[in-house]
Amino acid sequence: MPRILMERSGEMEVFARVVQDGGFSAAARNLDITPSAVSKLIARLETRLGTRLLVRTTRALTLTQEGEAYHHAALRILQELNEADQEAAGGAVRGRLRINTTIPFGTMFVAPAMPGFVARNPDLIVDLSFTDGIVDLVAENTDVAIRMGNLPDSGLIARKLGQSRRVVCASPDYLARRGSPETPADLAYHDCLTFNFRRARPSWPFRDHDRDIAQPVKGSIVVNNGETMKQMALAGAGIARVGLFHVADEIEAGRLMPLLEDYNPADLELVHAVYVGGGPLPHRVRAFIEHMVVTLADQPLLNGTT
């Protein structure tokens, strides 16, 4: 039987904290130990694993390829250990829960789910913030965020809540004035509504049989949130490309018309709840995520097939 290494979880926690805080001294302060103790623990971990996990310079600390892999695994294992401890110890859902999400998703799904959640957790204060910008969870003191689209590689822990296909659409008024695009290339002659996010794509993806198309788009209006884009499309300002969940009611009522469906690449907009890893997950965060998982399970617009 292999020797049991009792210090493994402690080494993992120190390592995860160093990565989260960006340095040995910051991690030492938060862990209430000395920087030399942090350095010794990391050195012992690297010796035991037989590989370098971190590269330190005078200006920065970066993960090696092995460090990246170990970091992801360590976060998962620490989370499972915390969950086991909390399940055994129990705990009340109380305090202030700070939630950030996009305006469309928050308006359509989070806000309606809150009365039932609060009713079951009367000792909890829910602090909601709706914005389509990406917030820094640590800097903004946010417990959990719901984010749309593919997630960048980071130290955040993610729980998938659903997925929605995207749709290109415009109002009947706009189409009466400008005509309907028949192919993706026709979009070059139309006003397309785009986002001003740094992560926003300068082109829209389409698929023609087995060929992928990245069609450049441009227009007179750029916006910073999905709700404004929907309102601009309804007002006839241009063609939008958004998650279907956001405009399904408008399409069903005929206020918006889906376009270029024969070229739809069937790409999915993923929905995740994300939170900072490396430490115990508060009961209030766990309770909220589980509540949203149950609430959204029966939403056909979030299963990616509607």
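The values are calculated or read from the model by the stated rules, or taken from the named source; none is laboratory data. Remember, predicted model here, so these are calculated numbers, not experimental data. For neighbour counting, all protein chains shown are included, and Cβ atoms are generated from backbone atoms with ideal geometry for every residue, glycine included. In case anyone asks, the SASA skips ligands and DNA or RNA and just uses the protein heavy atoms, side chains included. Shrake-Rupley method; radii C 1.70, N 1.55, O 1.52, S 1.80 Å.
Just the number, please: carbon plus sulfur as a percent of the accessible area of the chain, 1.4 Å probe, no ligands or DNA/RNA counted. Carbon and sulfur: 51 percent of the exposed surface of the chain. Here semi-axes √(5λ) of the Cα gyration tensor in Å was calculated from the structure, and among (1) 26, 24, 19; (2) 42, 20, 18; (3) 43, 24, 17 it sits at label (3).
Protection proxy ranking for 164-170, 16-22, using the average of other Cβ atoms within 10 Å per residue and placing the highest first: 164-170, 16-22.
Just checking the listed ones, 285, 144, 135: in the Gaussian network model of the chain with Cα springs under 10 Å, the one fluctuating most is 135.
Full extension of the chain between residue 231 and residue 173 gives 19.5 nm of extra length, using 0.36 nm per residue less the Cα-Cα distance.
When both bridge partners sit in the range 92-305, DSSP labels roughly 65% of those beta bridges antiparallel. Each stretch of four or more DSSP H residues adds -39500 (n - 2.57); spread over every residue of the chain, this sum gives -11500 deg cm²/dmol at 222 nm.
For the chain, relative contact order (Cα pairs under 8 Å, six or more residues apart, normalised by length) works out to 23 percent. Here's the picture: charge each Lys and Arg Cβ at +1 and each Asp and Glu Cβ at -1 in the chain, and of 303, 234, 292 the one pushed furthest to the positive end of that dipole is 292. Surface exposure of the chain, expressed per residue as accessible area with a 1.4 Å probe, stands at 53 Å².
Take each peptide in 227-239, 117-129, 23-35, count the other Cβ atoms within 10 Å of every residue, and average; sorted highest first, the result is 227-239, 23-35, 117-129.
Take the Cα of residue 220, go 7 Å toward its beta carbon, and the backbone nitrogen atoms of the range 173-192 under 20 Å from that spot belong to 173-181, 186-192. Report note on the peptides 61-74, 203-216: ranked by the mean count of other C-beta atoms within 10 Å, highest first, their order is 61-74, 203-216. Residue by residue, the range 59-66 carries 3J(HN,Hα) couplings of 10, 8, 10, 10, 8, 6, 4, 5 Hz when phi is fed to the Karplus relation 6.51 cos²θ - 1.76 cosθ + 1.60 (θ = phi - 60°); x denotes Gly or Pro.
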